[in-house]
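Working notes for the structure below.
The values are calculated or read from the model by the stated rules, or taken from the named source; none is laboratory data. These numbers were taken from a predicted model, which means no experiment stands behind them. For neighbour counting, all protein chains shown are included, and Cβ atoms are generated from backbone atoms with ideal geometry for every residue, glycine included.
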Protein chains: 2
Amino acid sequence: MINADRALRIILGAVPPPGRETVDLRDASGRTAAEHIVADRDIPPFRNSSMDGYAVRHAELKGASPGRPVTLTVAGESSAGNPFTGRMGKGEAIRIMTGGKLPSGADAVVPVEKTNEKSPRAVTFDAPARKGDFVRLPGEDIPRGHRVIAKGELLTPYHAGILAATGHAKVRVSVRPRVGILATGDELVGPGRTPGEGKIRNSSSYALLGLVKEAGARARLLGIVRDRKKSIRKKIREGLAFDVLLMTGGVSVGAHDYVGEALRRAGVDIRFWRVNIRPGSPLLFGVADGTLVFGLPGNPVSTAVTFLQFVRPALGKMLGRNDLFPVRVRAFTDEPLRVKDGKKSYMRGIVREENGVLRVKTTGSQSSGVMTSLLRANCLILIPEGTVAVSGGSPVEIEFLNDPF
Amino acid sequence: MINADRALRIILGAVPPPGRETVDLRDASGRTAAEHIVADRDIPPFRNSSMDGYAVRHAELKGASPGRPVTLTVAGESSAGNPFTGRMGKGEAIRIMTGGKLPSGADAVVPVEKTNEKSPRAVTFDAPARKGDFVRLPGEDIPRGHRVIAKGELLTPYHAGILAATGHAKVRVSVRPRVGILATGDELVGPGRTPGEGKIRNSSSYALLGLVKEAGARARLLGIVRDRKKSIRKKIREGLAFDVLLMTGGVSVGAHDYVGEALRRAGVDIRFWRVNIRPGSPLLFGVADGTLVFGLPGNPVSTAVTFLQFVRPALGKMLGRNDLFPVRVRAFTDEPLRVKDGKKSYMRGIVREENGVLRVKTTGSQSSGVMTSLLRANCLILIPEGTVAVSGGSPVEIEFLNDPF
């Protein structure tokens, strides 16, 4: 029985480098940058106004006051996309819209609500302006040549906006791994069936389907296979056509005989079986000809926890992601926590904020049979290997299920 | 100029009730439950073992110790899906696998590692067992008839697992609103073009595309329309075929003449224009014949903030979601915050955890021209209307961009 860190090192060490492909910018959100992204020009590209108002020479408004207003001639207009192309002369102002290009000769903008528009041709100011007021400078946000997105970053909608602004109508991203999901077990029937005597419905496959997609990979359900050596071997061979094969069930002490042997006979090199964790200790991992094979415990809670802790980082590495793990933070536990036999434990928890402080409680029974604990949880509470008790009020390490950091 | 709360009330008041459709369980993650979901049977459905081991009558192991071991006859086996169908007799034990049905007559399980397997037919115990040890009871997790998912809940992968377990191969979900995204502005060119004099690339549409999808709706880009009344009117009519039309740009003081008039002439009843917020004050909202029309400021930061604060809750309500808003929590600001003119402000912030306490700083310049602020931010800092300064070290209200609660 190895520990969680060792298991993770073995898994990550077996991950092949990511493939790359080019996608349209419209499909970029949720993908992973496969190269550094550099701005092709300054953003903003030219001096422009951050307000609707008048472009002026600040020196000409020196000393302006309600008692001594300054009147300038309105010599033209500059709106977004329709710049004033001449040069602003002495004694002149240019009517300017938000985003409009600052005309040559101007060095400040006065917002329209601080002016007195005498006529279409004249505008009066009763306060001075400072050089640069309401003027956005070229490259102020992103200078040309600046790396705006690093290889390995997850592309969010905000990244898509930046990609558009910096001239990337197409983007190089990593190829999404294809994941096959295979449920094993004589006890399983599909969700549309009524289970007979001693049978239950296959639920883990359906949770995995969504978890795999959320992790940025493609998923396909391969169905349910009975505990017959020949059927399992056949299905495993089908599963080895995928980049990752996720099997659920068939790894507990009794069942392992079937699945372990079937995996070996299908050419899978089993790298480990059983990890010192709770829940999910019967986790199995093997490799065959470029396919990563995970044998996840069939119990839905164990399936989900081992997926989050071991499969998701592997998928992240297959995608070339920089961040493979959620940020771990501390929260104060409301209640004492007790762990049997000192295994590294992942308890389902509910974290909340109180006056700026994070506080956490468990979802209740930590039996891996309690599926509903995953609906109520918003975090996993991580209890290190060797710890058997944590007193109430102490800080514990947690991982949000939906990492906000 | 109305305030943010009033604007939101007007928007939410205009949302039509959600439509419903039935989808395959495979496509349920990310959708919204359109009805309460009830378990069709107990979960677990029968007494079963949470360990590999032996099913016993606990009374028969009373007083067992290393000096006085008790030996029972192994009368059969119960594995998941293959129950032992007879009744366990006196002096007998049944070999049982995790998930295996507890045979009639048994009332406890002893894990295999705590037994001494003498032969295939005999097993010895050197410690007593308690009634119910390692036995999961029917309905322990979910009793039959129990509501497992409420109408209006966002379906996560964990919900999909529960739906499978409780017999829902198909699910009633709300129909995803169709959202058209239209950029307006003479200054805009597509991301694949090199902008000419005074022009910039359309980036807001691409950010909105991903934000709309993340919010659970379908999005279509309707392109860029120039500031010509006729073209705008034509495109608006095209946009009114959608459930929601998101326009960007054309709502600032100068440009509003075009867009406002075009909207009115296309039959849009404009409910408000301009809200007392920063950034994004030129926000416009109207309704036409079942279509919600948002005029979002064209600046990418303002577009994103007004989307998150005003459009996303509307999409959530169109989906019939129970939770329309991210959870607001408190964090301590590292720095003093200053807000011009007391508008309700949404500052881009970076929140982190330190010893269980949430601390936040801004992303730096809060100019709405700084697009990159959205890449670095993980939260919005909310400054209430009327507040002009917050001192360093005080608690402020924040919303995570990726709500973990």
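Data for the structure
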| read-out | value |
| --- | --- |
| Residue in the range B:213-221 that is surrounded by fewer than 18 Cβ atoms within 10 Å (Cβ to Cβ) and closer than 24 Å to A:ARG47 by Cβ present | no |
| Residue match in the range A:57-72 (condition: closer than 30 Å to A:GLY295 by Cβ and outside any strand (DSSP E or B)) | no |
| Lone unmet requirement of (1) in contact with a strand residue (DSSP E or B) (Cβ under 6 Å, 6 or more places away or on another chain); (2) more than 30 Å from B:ARG47 (Cβ to Cβ); (3) more than 7 Å from chain B (Cβ to nearest Cβ) for A:ALA164 | (3) |
| Every pair of residues 6+ apart whose Cβ atoms lie under 6 Å, when the first sits in the range B:149-178 and is at positive phi while the second is at pLDDT 95 or above and surrounded by fewer than 24 Cβ atoms within 10 Å (Cβ to Cβ) | B:GLY152/B:GLY320; B:GLY152/B:ARG321; B:GLY152/B:ASN322 |
| Tabulated pairs, the range A:321-332, first more than 11 Å from A:ASP403 (Cα to Cα), second in a loop (DSSP other than H, G, I, E, B) and among the hydrophobic types (A, V, I, L, M, F, W, C), C-beta under 7 angstrom, 6+ apart or interchain | A:ASN322/A:ALA150 |
| B:VAL251 being away from chain A (no Cβ under 14 Å), among the hydrophobic types (A, V, I, L, M, F, W, C), touching a Pro at 6+ places or on another chain (Cβ under 7 Å) and touching a residue at least 40 places away in the same chain (Cβ under 8 Å) | no |
| Candidate set from the range B:270-291 (those that are in contact (Cβ under 8 Å) with a residue 40 or more places away in the chain, assigned to a strand (DSSP E or B) and not aliphatic (A, V, I, L, M)); member that is farthest from A:GLY161 (Cα to Cα) | B:ARG271 |
| Positions within the range A:233-248 being touching a strand residue (DSSP E or B) at 6+ places or on another chain (Cβ under 6 Å) and either outside any helix (DSSP H, G or I) or under 14 Å from A:VAL311 (Cα atoms) (or both), in sequence order | A:LEU240, A:PHE242, A:ASP243, A:VAL244, A:LEU245, A:LEU246, A:MET247, A:THR248 |
| The range A:79-93, subset facing another protein chain (nearest Cβ under 8 Å) and not hydrophobic (A, V, I, L, M, F, W, C), residue farthest from A:PHE125 (Cα to Cα) | A:GLY81 |
| Qualifying positions in the range B:214-232 - without any contact (Cβ under 8 Å) to a residue 40 or more places away in the chain and out of contact with any strand residue (DSSP E or B) (no Cβ under 6 Å at 6 or more places or on another chain) | B:GLU214, B:ARG228, B:LYS229, B:LYS230 |
| Every residue from the range A:78-115 that is crowded, with 24+ Cβ neighbours inside 10 Å and basic (Lys, Arg) | A:LYS101 |
| Enumeration of residues in the range B:1-15 that are within 18 Å of B:ARG278 (Cα to Cα), part of a helix (DSSP H, G or I) and of a type outside the set (Lys, Arg) | B:ALA4, B:ASP5, B:ALA7, B:LEU8 |
| Number of the condition not met by B:THR124 [criteria: (1) under 13 Å from B:SER50 (Cβ atoms); (2) not in a loop (DSSP other than H, G, I, E, B)] | (1) |
| Scan of the range B:373-390 for residues that are over 25 Å from the mean Cα position of the chain (by Cα) and of a type in the set (S, T, N, Q), ordered by number | B:THR387 |
| Leading residue by the ranking (nearest to the other protein chains (Cβ to nearest Cβ)) among those in the range A:183-197 that are part of a strand (DSSP E or B), out of contact with any Phe, Trp or Tyr (no Cβ under 9 Å at 6 or more places or on another chain) and surrounded by 24 or more Cβ atoms within 10 Å (Cβ to Cβ) | A:LEU188 |
| Single residue of the range B:67-77 satisfying the filter (more than 14 Å from chain A (Cβ to nearest Cβ) and surrounded by 17 or more Cβ atoms within 10 Å (Cβ to Cβ)) that is nearest to A:TYR258 (Cα to Cα) | B:ALA75 |
| Candidates B:ALA64, B:ALA55, filtered to the one that is within 14 Å of another protein chain (Cβ to nearest Cβ), touching a residue at least 24 places away in the same chain (Cβ under 8 Å) and of a type outside the set (S, T, N, Q) | B:ALA55 |
| Some residue of the range B:233-249 being surrounded by fewer than 24 Cβ atoms within 10 Å (Cβ to Cβ), closer than 27 Å to A:SER49 by Cα and touching an Asp or Glu at 6+ places or on another chain (Cβ under 8 Å) | no |
| Among residues of the range B:198-221, those that are part of a loop (DSSP other than H, G, I, E, B) and more than 7 Å from chain A (Cβ to nearest Cβ), counted | 3 |
| Among (1) modelled with pLDDT of 95 or more; (2) in a loop (DSSP other than H, G, I, E, B), the one test that B:THR98 misses | (1) |
| Hey, A:VAL148 more than 10 Å from chain B (Cβ to nearest Cβ), surrounded by 14 or more Cβ atoms within 10 Å (Cβ to Cβ) and hydrophobic (A, V, I, L, M, F, W, C) or not | no |
| Residue in the range B:127-173 that is nearest to the chain's Cα centre (by Cα), counting only those that are part of a loop (DSSP other than H, G, I, E, B) and among the charged types (D, E, K, R) | B:GLU153 |
| Any hit, the range A:137-144, residues being closer than 30 Å to A:GLU21 by Cβ, touching a residue at least 12 places away in the same chain (Cβ under 8 Å), within 11 Å of chain B (Cβ to nearest Cβ) and among the aliphatic types (A, V, I, L, M) | yes |
